[in-house]
1. Say whether the condition of being in contact with a strand residue (DSSP E or B) (Cβ under 8 Å, 6 or more places away or on another chain), assigned to a loop (DSSP other than H, G, I, E, B), modelled with pLDDT under 90 and more than 20 Å from TYR153 (Cβ to Cβ) is met by at least one residue in the range 128-139.
2. Could you identify the single residue in ILE365, ILE372, ILE350 that is open to solvent by less than 40 Å² (accessible area, probe 1.4 Å) and more than 24 Å from GLN308 (Cα to Cα)?
3. Can you say whether LEU327 is among the aliphatic types (A, V, I, L, M), in a helix (DSSP H, G or I), open to solvent by less than 70 Å² (accessible area, probe 1.4 Å) and free of Cβ contacts under 8 Å to residues at least 60 places away in the same chain, as far as the supplied structure shows?
4. Quick test for you: out of GLN161, GLN191, pick the one residue that is of a type outside the set (D, E, K, R), open to solvent by 50 Å² or more (accessible area, probe 1.4 Å) and at pLDDT 80 or above.
5. Among the numbered criteria (1) within 19 Å of TRP46 (Cα to Cα); (2) in contact with a Gly (Cβ under 8 Å, 6 or more places away or on another chain); (3) modelled with pLDDT of 90 or more; (4) crowded, with 20+ Cβ neighbours inside 10 Å, which single criterion is violated by VAL85?
6. Could you run through the range 44-58 and say how many residues are closer than 17 Å to PHE133 by Cβ, assigned to a strand (DSSP E or B) and free of Cβ contacts under 8 Å to residues at least 40 places away in the same chain?
7. Condition (residue is at pLDDT below 85 and assigned to a helix (DSSP H, G or I)) applied to the range 110-123: is it met by at least one residue?
8. Those residues that are within 26 Å of GLN308 (Cβ to Cβ) and in a loop (DSSP other than H, G, I, E, B), I need them from the range 353-362; list them, please.
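The values are calculated or read from the model by the stated rules, or taken from the named source; none is laboratory data. Not measured: the values here are computed from a predicted model. With ideal geometry, Cβ positions are generated from the backbone for all residues, glycine too; neighbour counts draw on all protein chains shown. The protein model used for the area step is the full one, side chains on, heavy atoms only, and it has no ligands, DNA or RNA in it. Shrake-Rupley method; radii C 1.70, N 1.55, O 1.52, S 1.80 Å.
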Amino acid sequence: AVVSTQSGHYGRGNMQTGRLLELLSGHAGPISSLVFTEGMLVSSSWDKTARVWDTFERKGTTDTLTLSSDCTAVVASPDNTQIAVATLNSEITFYNLKLGVTVGSVEGRNDLWAGRSKDDLISADSQKRNRCFTSLSYSADGSVILAGGRSKYICIYNVEQTVLIKRFEVSRNLSYDAMLQFLRSDNMTDQGPLDLMETGEHEHGSEIALPGVSRGDFSKRRVEPQINVQSVQFCPTGQSWCAATTEGLLIYSLDNTLTFDPVDLDTDITPQTMRAALVSESYLRGLVISLRLNTAELVVEVLEQVPQDQIHYVVGALPLHHVTSLLKFLVDQLSTSRHLNFYLLWISSILTTHGPALKKSSSQIMSTLNGIISALTAQTRTLSSLCDSNQYFLDVILTLGKVQKSNNLLSVEMDVL
């Protein structure tokens, strides 16, 4: 466990005992971020340096990376051979830990869009110097890096080529402050902007904003927080990533089946038509309707009404784009349902019938396949312990029965004698 302080020192402690093992110093300013990597600890600070510490052998600082501005975030690549450091001037510097050299950098000032707040006295273009990245995350293979910070945009960069791949806009909600690049000129008066007239009077027509405050003054009648990205993180599978923003938690994914798709809906896709199909024994139609509605309760209702001898035929006629969705529902039922053998028949039939097609997209359904293995492992552990316990109880009962029978025979022989 690592604790950084405003004095530029950091402490390494034991999480089990809660004791402070050592306290090291070296930074001349507050520490902004820390990350462990292969027995090393990398720290970034406002003193425009990033330091690599060998904490386990207690050798102190092994390397120091001098940057052009204050550091705001640091992150290590999955293979622990490279670190990325974000600075206050919107740059991301890539540093190779093995070679001890800088391998590239990204200038993100033009990628971070700067909006103008209602109480800003300068233009949005001049505000770009206040925009920077505050959170970084490598992808699972380390080929791209995700960056977000004091802006409404999240950027994805290629690490090797150091170029921008794509930029995502997290919000278009104009109720937030600093969302516009140009303010309306007809709202400007000699006393200041009209939007700030009701909040108080100052020499410039508005109240003095506290430095570093982006959420606004909550004592006001109307609060307009600024749009920011507090944290970004890649999924270990590389298929999705999430961002914690002022708008809320946003999840971006390459898997379209994770979301409710209204394109496949029409007036006939309802729970009533699904149940009518089940009554007429049209199990395939009922299953497709439930998958289009994307409701777990309806899918389970259809699955448990399909006879076991019809499972193979229903799975064989099921469209391929619905097979992956069905597998995800089946994985959830393996962990919670009592009908273990029944759902294993469904999974076995799907893998047997659609195995070659699923193999081509194995990278996309790898999380689902891992879920099947995890659920089966948990069920095997539970059932094996239960069976062992029952076996021991049966052995005890049989042994007691034999003892009782021998005692009865002995008593009969004694009576005869």
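1. Among the residues of the range 128-139, not one is in contact with a strand residue (DSSP E or B) (Cβ under 8 Å, 6 or more places away or on another chain), assigned to a loop (DSSP other than H, G, I, E, B), modelled with pLDDT under 90 and more than 20 Å from TYR153 (Cβ to Cβ), which makes the answer no.
2. Result of the check over ILE365, ILE372, ILE350: ILE365.
3. Spelling it out, LEU327 is indeed among the aliphatic types (A, V, I, L, M), in a helix (DSSP H, G or I), open to solvent by less than 70 Å² (accessible area, probe 1.4 Å) and free of Cβ contacts under 8 Å to residues at least 60 places away in the same chain.
4. GLN161
5. Evaluating VAL85 over (1) within 19 Å of TRP46 (Cα to Cα); (2) in contact with a Gly (Cβ under 8 Å, 6 or more places away or on another chain); (3) modelled with pLDDT of 90 or more; (4) crowded, with 20+ Cβ neighbours inside 10 Å leaves (2) as the failure.
6. Qualifying residue count, the range 44-58: 1.
7. Within the range 110-123, not a single residue is at pLDDT below 85 and assigned to a helix (DSSP H, G or I).
8. Result: HIS354, single match.
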